[in-house]
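Taking it in order: structure first as structure tokens, then the write-up.
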């Protein structure tokens, strides 16, 4: 088909108009910098949900990365370009603040809890006092048991403390499978390579985990409080600062609570 001379003049304009229609509308809050948020791995499911809500409400994007709090703290001290750090142990935040790496000393956003978990088919009976674990150990029915590495994972330290409180640490220590972080410990406990494990209540409540076994929340006096503190790091931009504020608001707090976290000031 031949195109007339007049049509040739407006075709480029039509093409431009179609391109504008087909392309996403420009955000009124363009983001030259997408902040990387370093978060303790017990937050994986809760924080992904909160970040999704934040994106929908603000149009701002984030990049979440999960791992052990101790490893993140070491990376930040060495200059890693994170803008916001959510630690499972407030001591790491306080140490970074003392080093001048943070905007201030941050804020407690949640208090974590741990569970004794047994996957389906496990010989382990779960209970708050770890009596079922003691029986299974005495009967040599536990071959592998998963926790996070206590050297750098706060939930691993809490698991060790709970096991020591019941005088089970020395017995179970040779059987331990150590996750690099609490999320990996949960994976080990779920995979069938271990007969059970101790990990974050927030992970046990996740829909992809809760139906794969049974669990019991360990009492808070079984371990030191898992006071989880977050902080903005030096150089944090607008999106990171807005997300930090959002994490302290009602929608985020409701999600934290739904995933089993205690909020600041709560005891149960």
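FYI, it's all coordinate maths here, none of it is from the lab. What you see is a predicted model; the values in this text were computed from it and never measured. With ideal geometry, Cβ positions are generated from the backbone for all residues, glycine too; neighbour counts draw on all protein chains shown.
Within the range 124-268, the proportion of C-alpha pairs whose separation exceeds 27 Å stands at 28%. Here the chain carries DSSP beta bridges of which approximately 60% are antiparallel, counting only pairs with both residues inside. Dimensions of the chain based on its C-alpha atoms, expressed as ranges along the principal axes with the largest first, amount to 92, 50, 33 Å.
By the compact-protein rule of thumb, 2.2 N^0.38 Å, the alpha-carbon radius of gyration of the range 186-268 corresponds to a ratio of 1.35. Taking 7 Å steps out from each Cα toward its Cβ at residue 139 and residue 266 produces label points 3.6 nm apart. Summary of packing: across the peptides 95-108, 218-231, the per-residue average of other C-beta atoms within 10 Å ranks them, highest first, as 218-231, 95-108. If the chain linking residue 175 and residue 238 were pulled fully straight, counting 0.36 nm for each residue of separation and taking away their Cα-Cα distance, it would gain 18.0 nm. Net length available on complete extension from residue 125 to residue 74 is 14.6 nm, with 0.36 nm assigned per residue and the Cα-Cα distance removed.
The distance between label points at residue 36 and residue 257 comes to 3.5 nm (points 7 Å beyond Cα on the Cα→Cβ vector).
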